[in-house]
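Undergrad: Structure in structure tokens, see below.
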Amino acid sequence: MKKRIREYIKQFFLIDDTPHKVAGGAALGIFLGIMPGEGVLATLLFAYIFRLNRLAALAGVLAVNMWTLVFVLPIAAAVGGLIFRVDPKLLSNDFHETATLGWKYLFSWNILRETAVPLLVGYAVFAGAIALLVYFSLLYLLIKRKHLQKDSHLLAKKQP
């Protein structure tokens, strides 16, 4: 029984996958890691649903999860402010003030409309841009690595 569980876990996180699935898993993990409130379980679930590499997704979400909030909040406020034509400093200040007031104020209509929606859109746009950058960069590197390995195997076969 213990051996079967170990094999299942090994299969679940198998990294030997296509370049698309590995790059897609990493990009998904990074996207959900940057988005506030998303985490490891959501990443594993979406990676499973979209048939992406779960180990790459887990590595992506753990690489950027939680610590990015401090760095990404000003960027998300700037992007959300630009899209919704709101002052980014006002968005950041409203977010900090609402966080200190408590949860019941967070879900009021004014806070959702004026602060949360622009910030979430800013987060989504920024996280999407970073995820796309990671996806295409990693896909390029993995495909290049695969071709180099194939070429080295062909060279090794030609030599007597």
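Rule-based calculations on the coordinates, nothing more; no lab input. Predicted, not measured: the structure shown is a model, and the values here were computed from it. Methodologically, a virtual Cβ is constructed for each residue, glycine included, from the backbone with ideal geometry; neighbour enumeration extends over all protein chains shown.
Undergrad: Would you kindly identify the helices (runs of 4 or more DSSP H) lying entirely within segment 1-98 that contain at least 1 residues that are of a type in the set (Gly, Ala, Ser) and surrounded by 15 or more Cβ atoms within 10 Å (Cβ to Cβ)?
TA: Where helices (runs of 4 or more DSSP H) fall fully within segment 1-98 and carry at least 1 residues being of a type in the set (Gly, Ala, Ser) and surrounded by 15 or more Cβ atoms within 10 Å (Cβ to Cβ), they are 19-34, 40-49, 54-64, 68-84.
Undergrad: Starting from segment 38-52, take each residue that is polar (S, T, N, Q) and list its partners that are surrounded by 13 or more Cβ atoms within 10 Å (Cβ to Cβ) and assigned to a helix (DSSP H, G or I), counting only C-beta distances under 6 angstrom and pairs at least six apart or across chains.
TA: Every condition considered, the pairs that remain are Thr43/Gly29; Thr43/Leu32; Thr43/Ala57; Thr43/Val61.
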